[in-house]
1. Grab the DSSP H runs of the chain that are 4 residues or longer, score each as -39,500 (n - 2.57), total them, divide by all residues and round the 222 nm result to the nearest 500 deg cm²/dmol.
2. Evaluate the charge dipole of the chain about its Cα centre and quote only its size in Debye, nearest 20, assuming +1 on the Cβ of each Lys and Arg and -1 on the Cβ of each Asp and Glu.
3. Helix hunt in the chain: which complete DSSP H runs extend at least 18 Å axially by C-alpha with mean Kyte-Doolittle at least 0.0?
4. Quickly work out the residue 126-to-residue 169 label distance, labels modelled 7 Å from Cα along the C-beta direction, and quote it in nm with one decimal.
5. Charges on Cβ only, +1 for Lys and Arg, -1 for Asp and Glu, centred on the Cα centroid of the range 90-195; of 134, 191, 106, which one is farthest towards the dipole's positive end?
6. Averaging sequence separations of C-alpha pairs under 8 Å and six or more residues apart, then dividing by the length of the chain, give the relative contact order as a whole percent.
7. How charged is the neighbourhood of residue 160? Take every other residue with its Cβ under 15 Å from the Cβ of residue 160, and add Lys/Arg as +1 and Asp/Glu as -1.
8. Compute for the range 129-192: radius of gyration divided by Kirkwood radius, i.e. Rg/Rh, restricted to C-alpha atoms, rounded to two decimals.
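What follows draws every value from the coordinates through simple rules; no lab data is involved. Every value quoted in this text rests on a predicted model; they were computed, and no experiment measured them. Ideal geometry is used to build each Cβ from the backbone, glycine not excepted, and the neighbour counts take in all protein chains shown.
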Amino acid sequence: MILLSFEVPDEEFKRAYNALQHIHGGAPKAIMRALNHAADKARKEAVEAVCANYAVKPAEVRRTMVIKRATPNNLLCEIISEGSPRPLIKFNVNPKKPPVQSGKRISQRRKIVAGVKFGVQKALPFAFIAELNNGHIGVFSRKGGKSLPIKQRYSLSIPQAFGNDSIREFLLGQAIKNFSVELDRQIDLILGGGE
């Protein structure tokens, strides 16, 4: 899923070409560098926005994101986020490990509480924490009334967390602002004789 696609605004494009018209390849280089810098900052801000709302670690969010960088011939940047639904145990679940409950009545067993968003926790009445033979720990529930089979419970994927339009609009506004500031810096750098 494309999280953010960012092209150069026309007025910024003209400004860069007017300032660097006497330097061969200067304007595309400055625009490309500014776009890539703005994409890097937008990725950082996207990670912070998701981690502020959802109980996920920044490294896990960053791992799902890829930046398609701009080149001098293709002045377009994209931030792409891909991922599948995450197991519920990866979010804020209490308890994290299977509690000892053998010999207890069902009404006396410890209840599972899960929170995908910060500040919102929900009791899962028929769920339980289990460790499989391969060592995987997860939140499970039974399929039907029998003890087997069981199915693991999942929640949203990281790209779904970015699905909020207000987050996208905020990121695009920040990317445009960061691009403008970085373009000024790149123009000054190239005019000053820097590579």
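1. About -12500 deg cm²/dmol.
2. 2080
3. Working: long enough: 26-53 (41 Å, -0.22); 165-191 (39 Å, 0.21).
Those that clear 18 Å and a mean of 0.0 are 165-191.
4. Going by the 7 Å Cα→Cβ label model, 4.1 nm.
5. Toward the positive end, the furthest listed residue is 106.
6. Relative CO of the chain lands at 28 percent.
7. Values: positive: 86, 90, 117, 168; negative: 60, 82, 165.
The answer is +1.
8. Working: Rg = 24.2 Å, Rh = 16.7 Å.
Result for the range 129-192 is an Rg/Rh of 1.45.
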